[in-house]
Amino acid sequence: MARSIPYIFCRYRMAVQEQALDVHGQRQFLNEEQGNGLPHGRLRADRPQANALIMEPNEFESDGEICLTWSVGIRAGVRIQTEYDSQTRTRTLQLVADPHIRFAPVLALPERGIMAIEDRSGDEQISARQAIGAFRTIMQTVHDGDGSFEVHHGDPEDIERWLDEWELKEYSYTIAPLNPISASAFAERRSEAMKRENVWKDAGKVLPPEGQSMQPNGGIIQEANELSEVGYGQRGFRGRTPDGHIAHVPKPRFHDDRHKNLAEQQKPHFVRVMFEPDNGQDTFLGGQVASALRRFYGG
């Protein structure tokens, strides 16, 4: 049985000289640059520079909307090969040529500015983070520094909407007592109880009964949410989206300083959405991913 395939969902913008590319411009760019390896990554004296490239640009329609698909590839050019000498009982490492390309499939709805990037790492795949960096290199290089590729992950408003919409399967939190900011009476009582017992930090995870789900409703989840919103906590969660996919938002790093917590919450919140391959086959799930993207961002 094929394993679930994770995708990073995000908003994006492709632009040249600050002018956003429309559907035609994005399609043209992908088709013209496919297969052209461009220098990527830090140049090192002991090895050739890695190449980034666009592969397999294509398109299809989903509910009357154009979907663009392509893969972002990285060719490292070399790899480290390990040998072992049983006589000297030592390992040796050497660089050998390697033309192998690792890649990540991408699906975009250009009219909406949203995309999904497959997020796996291994002998064949690169992570979504690597794919974003490689594609940004291509945009900037092709347009002599005037091209840009911006990705926007979940913001605080998205987080609140997802918490309300998803059937929560797991909720993790780290919270600290309020001082001096006030919140709801419920959060105030929890904060005072922590102070009485000299508890400065409470970290935990809550789970529903087997086969069921959770929702914020005046209890510990809502309390942790309120403390996080004023800078005295961080939260992460996993749940089932309205169209039936399991999605995960990792918990940001917790700081003792509330201002640092608030700043941490303004950083990108990655959201990873899992898909089950049709008929157990490990393939790019174009129509299913496009429909989920559209609904995920309110369409």
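General observations
- Index of the failed condition, Arg253 passing every other in (1) surrounded by 13 or more Cβ atoms within 10 Å (Cβ to Cβ); (2) modelled with pLDDT of 90 or more: (1)
- Qualifying residue in segment 225-240 (condition: under 27 Å from Glu65 (Cα atoms) and under 22 Å from the mean Cα position of the chain (by Cα)): yes
- For segment 171-205, the set of residues classified as β-branched (Val, Ile, Thr) and either free of Cβ contacts under 8 Å to residues at least 24 places away in the same chain or under 18 Å from Arg253 (Cα atoms) (or both) consists of Thr174, Ile175, Val199, listed by residue number.
- Here Thr137 fits the description: farther than 30 Å from Gln222 by Cα, modelled with pLDDT of 90 or more, polar (S, T, N, Q) and surrounded by 13 or more Cβ atoms within 10 Å (Cβ to Cβ).
- Any hit, segment 157-178, residues being outside any loop (DSSP other than H, G, I, E, B), among the aromatic types (Phe, Trp, Tyr), closer than 26 Å to Val106 by Cβ and not assigned by TED's automatic domain parsing to the domain that holds Ile80: yes
- Test result for Glu229, outside the structural domain of Thr69 (by TED's automatic domain parsing), charged (D, E, K, R) and over 22 Å from His153 (Cβ atoms): no
- Some residue of segment 278-287 being closer than 25 Å to Glu65 by Cβ, surrounded by fewer than 19 Cβ atoms within 10 Å (Cβ to Cβ), touching a helix residue (DSSP H, G or I) at 6+ places or on another chain (Cβ under 9 Å) and outside the structural domain of Leu107 (by TED's automatic domain parsing): yes
The values are calculated or read from the model by the stated rules, or taken from the named source; none is laboratory data. If you're wondering where the values come from, they're calculated on a predicted model, not measured in any experiment. Reconstructed Cβ throughout: ideal geometry from the backbone, glycine too, with neighbour counts over all protein chains shown.
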